[in-house]
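Note sheet for the following structure.
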Amino acid sequence: MKKHLFSTFTIGSAFFLYTFTGTAQTIYVSLVGNDKYAGTKQNPVKTFAKAQELARKTPSSQSVEVIFADGIYYLPETIKFTTADSKTAGAKITYKAEHEGKAVISGGSLLKLNWQPWQRGIYKARVPIQVEIDQLYINGKRQRMARFPNAIAGKNVFDTWELSHNTVPDTASNPLTQQRIATWKDPKGGYIHAMHNALWGDMHWLITGKNTDGSLQYEGGWQNNRPSAMHPLYQMVENIFEELDTAGEWFYNADEQTIYYMPAPNINLKTAKVEIVRLRHLIELNGSKQAPVQHVNLSGFVFRHTTRTFMDNKEPLLRSDWTVYRGGAVVYNGAEDCSISDCEFDQVGGNTIFVNNYNRRISIRGCYIHHSGANGIAFVGDPATVRNPLFRYGNQDFKGLDRTRGPKGDNFPEDCLVEDCLITMTGRDEKQTAPVHISMSHKIRVNHCSIYDVPRAGININEGTFGGHIIENNDVFNTVLETGDHGSFNSWGRDRFWTPEINETVPEVAKDSTMPFWDMLGPNILRNNRWRCDHGWDIDLDDGSTQYRIYDNLLLRGGLKMREGYDRIATNNIIINNSLHPHVWYQNSGDVFKNNIVFMAYRPALMNKSIAEDGKWGKELDYNFFVSDSENRSRYAINGSDMHSLNGNPLFVDAPKGDFSVEPHSLVLKLGFKNFSLTNFGVTKAALKAIAKTPEIPDINIQDEFISQKVGSTYQWLGATLKEPKGEELSAYGVGYDEIGVALTNISNNQLALKIGFLNGDLIQTVGEQKISNIQHLKEYLAKNVSTRAHTFFIIRNQAKVKINVNQALPLVSIKE
């Protein structure tokens, strides 16, 4: 016999009796419904808010399904779930589309406009209501604000330029020349967008007016936690009326309440659907640890139309290059056991899903996230839970350090899941973002996701706090398309033990070997993933990233970078056409690199600063297989590397088709390498798999392509060895790829270089008025100034510019025999 529960309530003058049984209660919503109805299938309600009101009247122990018929539901305001919406364990409430992908939750409005021709192919229409218009959609597609330079199909940086590390400024495309600004009658309300000078993300400014001399007044630039001047080339302005000059652009004159729009030839404005954006957030779940929102699920919806938030992206994250805005289309604040499944997020203006501070067991499954303005899915905790938090790249105060392990509280996301999601084209407006971003969180799992076509990393772990993350079975490629010095996977580890000067960190860790692990509650694991980054590293462990386990990964292009850090173990990985990039390792780092397949010699940077007295790198670099000649395998034998490694043909099963497993009689297997699955990367949901891209499989040339380059002459000066860092190697110095120079390496004690103020690893960029781009430039300067006793050097030290004045004559560069 079933137990029946009875509930009565009234709507208007009507009286309703609901009968609850052991099965879920169902409430129906339809655009042809009425909020005075009971919410039955025959008499559905019309709005999300009314359905939520009815659902709250059900017992907390009773499961409820709220089913939305097909159509677009324009929200008048953000839907906010609280503990009043929670269900107890064993029950749940699910808001779902009747047909997946057919019910749209919108933060915009539909406009009925009377378009009239204006001039130059531009139409105008008066908006009947007083609104702010941040974005305009025509027939479901977001249009561009009037801008300069105009977008060019196929370009990547701001849709205008190809990313080039050697491009010089082009006056014709510079939006901030005096001549161009003079053509703008009233630019107030316009925006300036610019890349970071070193391509570490982007920055944005709001134009507030003009000065009497015709220059711009503006505010902003706070969107990068290591700010710089605007990049000299990669700049763009938008929301400037005079720049409305190409199809698909628009401008809203708020004083006139008039939209000006230049339609493409295929757009019929008489029949076009015109939508604008109003809401910043669509759904919020607002609870706390003491009173969390529980068992609330969203399923099958399309979420669309949220405002851009790049000017609100102000909060610095811990010691990283990032700032963050704690919001998104869906925001979790204090929720437990809640989920989003099988939803599409289409062209939202800011972050897509933001999991903020205390949250437990939030799952996001089977979702398609695309063309978001900022992050895809962000997990960000509370800095107050971190001991000795620092918010800028820089030195740690070791004397006043709290030496207690772990966090101070639990106000952070934990035990959360992102699974079987397709995430692409995020970062449309904000470039220092990622499809999956993790900061001050614990035990986040990212499984079977396909991630590609994004401006920066595909997956970013902001710092070591608090570790325990598992990244597995993902397909991540076409990343770092608009930025530089990054990877498909990126992490920083600028935790309590870390400071930019390696010679300060190492002695502190020597006093207490547990120090690098104080902020981590467990290692981060990267396993069974496929990575490809053509503009950086496939995996980039940067600035002290510690306690990583990296195994059974296929790296297709950029290789594996390990900078500083402790206890990184990389085994059984396949690194195509590349190798390990060891950058600035600590003494006694405990790092292990073994049983891997690589294609070339290791690519070290500034390793002379950090190796132990016996010259050994890490705990063990051995038993690896080099798909190249024996010189590449043995090049770093002096550093205790690869005494048992082999080289030759690995006998891949079918490399052209991406099967880099090796034949049963391959020498690789004798080194301890084990074949792993190479067919199980990325999404598995049929609907997503059908539309997901996969990376291009690179060509390889086992016989000829990676014969090592012979080392040329070695130059010495002031007792230092001179080096010309190139390409990705410049990351070790923290400069952009166009900021080349000459590095001082291998300076031993009591050398003249130290006595006059230089340090190991300094990168000389200028001396006097001369730019030092290579050793020849330095030689030329010294030859011309052989009798000069006053020299001003500008160098890069610990990723910061430093001035050195030398008051003595300097010797010439010599060649070491």
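FYI, it's all coordinate maths here, none of it is from the lab. This is a predicted model, so every value here is computed, not measured. We place every Cβ from the backbone using ideal geometry, glycine too, and count neighbours over all the protein chains shown.
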> Considering only the other residues whose Cβ falls under 11 Å of the Cβ of N473, what net charge follows from Lys and Arg at +1 and Asp and Glu at -1?
Replying inline: -2
>> What does the extension gain come out to for Q257 and V653, with contour length at 0.36 nm per residue minus their alpha carbon separation?
In response: 136.1 nm
> Separation between the S787 and K511 pseudo-spin-labels, each 7 Å from Cα along Cα→Cβ, expressed in nm?
Replying inline: 5.2
> Which whole-Hz ³J(HN,Hα) couplings does the range 198-206 yield from phi under the Karplus relation 6.51 cos²θ - 1.76 cosθ + 1.60, θ = phi - 60°, glycine and proline marked x?
Replying inline: 9, 6, 8, x, 9, 8, 9, 9, 9
> According to a simple spin-label model (label point 7 Å from Cα along Cα-to-Cβ), what is the distance in nm between K674 and D699?
Replying inline: 3.6
> Amide H to amide H, which residues 5 or more places from D35 or on other chains are under 5 Å from it, using H placed in the peptide plane?
Replying inline: K46
> In the range 756-801, which chymotrypsin sites (Phe, Trp or Tyr not before Pro) are in a loop and have at most 16 other Cβ atoms within 10 Å, using DSSP for the loop call?
Replying inline: none
> Going down the table (K561/K657; K511/K561; K92/K431; K594/K685), which pairs top 30 Å between alpha carbons?
Replying inline: K92/K431; K594/K685
> Suppose R0 equals 41 Å; then what is the FRET efficiency for H644 and I756 from their Cβ-Cβ distance, rounded to the nearest 0.05?
Replying inline: 0.40
>> Quick check on packing: order 345-358, 717-730, 362-375, 669-682 by the mean number of other C-beta atoms within 10 Å, highest mean leading.
In response: 345-358, 362-375, 717-730, 669-682
> Once phi is turned into θ = phi - 60°, what whole-Hz ³J(HN,Hα) does the Karplus curve with 6.51, -1.76 and 1.60 give for every residue of the range 310-319, x standing for Gly and Pro?
Replying inline: 5, 7, 9, 7, 10, 6, x, 8, 4, 6
> Taking square-rooted eigenvalues a ≥ b ≥ c of the alpha carbon gyration tensor, is the range 495-623 rounded, prolate or oblate, where a/c under 1.5 means rounded and, failing that, a/b exceeding b/c means prolate?
Replying inline: prolate
> Which order results if V296, V802 are arranged by neighbouring Cβ count within 10 Å, fewest first?
Replying inline: V802, V296
> Using the Cβ atoms and a cut-off under 12 Å, what net charge is assigned to the surroundings of P523, where Lys and Arg are +1 and Asp and Glu are -1?
Replying inline: +3
> Rounded to the nearest 5, what % of the DSSP beta bridges within the chain are antiparallel ones?
Replying inline: 35
> the range 259-293 to the range 635-692: how many Å between their Cα centroids?
Replying inline: 45
> Which one, (i) 42, 37, 24; (ii) 50, 34, 24; (iii) 59, 32, 21, gives semi-axes √(5λ) of the Cα gyration tensor in Å as derived from the coordinates shown?
Replying inline: (ii)
> Which value, in debye to the nearest 20, gives the size of the charge dipole of the range 714-816 about its Cα centre, when Lys and Arg are +1 and Asp and Glu are -1 at the Cβ?
Replying inline: 360
> With each run of n ≥ 4 DSSP H residues scored as -39500 (n - 2.57), what mean residue ellipticity at 222 nm is computed for the chain after dividing by its residue count and rounding to the nearest 500 deg cm²/dmol?
Replying inline: -1500 deg cm²/dmol
> Separation between the Q770 and K816 pseudo-spin-labels, each 7 Å from Cα along Cα→Cβ, expressed in nm?
Replying inline: 2.3
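Which value results for Rg/Rh of the range 350-399 when Rg is the Cα radius of gyration and Rh the Kirkwood radius based on the inverse mean 1/r?
1.12
Taking the range 732-800, which trypsin sites (Lys or Arg not before Pro) meet the DSSP loop condition and have no more than 14 other C-beta atoms within 10 Å?
Listed in order of number, the matching sites are R789.
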>> Rounded to two decimal places and with Rh computed the Kirkwood way over Cα pairs, what is Rg over Rh for the range 714-816?
In response: 0.92
>> Please list, in order along the range 147-161, the HN-Hα scalar couplings obtained from phi with the Karplus expression 6.51 cos²θ - 1.76 cosθ + 1.60 (θ = phi - 60°), rounded to whole Hz, x for Gly and Pro.
In response: 8, 8, x, 5, 5, 10, 4, x, 8, 10, 6, 6, 6, 10, 10
> Taking Cα centroids, how far is the range 182-202 from the range 516-531 in Å?
Replying inline: 38
> Under a 5 Å amide H to amide H cut-off, with H placed in plane at 1.01 Å, what residues pair with A434 once short-range neighbours are removed?
Replying inline: N375, G376
>> Would the range 110-277 count as rounded, prolate or oblate if I go by the C-alpha gyration tensor, calling it rounded below 1.5 in a/c and otherwise prolate when a/b exceeds b/c, oblate otherwise?
In response: prolate
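What is the extension gain from F241 to Q808, computed as 0.36 nm multiplied by their sequence separation minus the C-alpha to C-alpha distance, in nm to one decimal?
Computed gain between F241 and Q808 is 198.3 nm.
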> Could you put M562, M425 in order, starting from the residue whose Cβ has the fewest other Cβ atoms within 10 Å?
Replying inline: M425, M562
> Length gain on complete extension for the stretch E739 to S630, per 0.36 nm per residue less the alpha carbon to alpha carbon distance?
Replying inline: 35.8 nm
> If one computes the Cα centroid of the range 399-478 and of the range 17-93, what distance in Å separates the two points?
Replying inline: 33
>> Rounded to the nearest 20 debye, what is the charge dipole size of the range 541-587 about its Cα centre when +1 sits on each Lys and Arg Cβ and -1 on each Asp and Glu Cβ?
In response: 140
> R0 = 56 Å: FRET efficiency of E620 with E98, Cβ-based, nearest 0.05?
Replying inline: 0.45
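Are there trypsin sites (Lys or Arg not before Pro) in the range 108-163 that DSSP puts in a loop and that have at most 11 other Cβ atoms within 10 Å, and which ones?
Filter output for the range 108-163: K112, R120.
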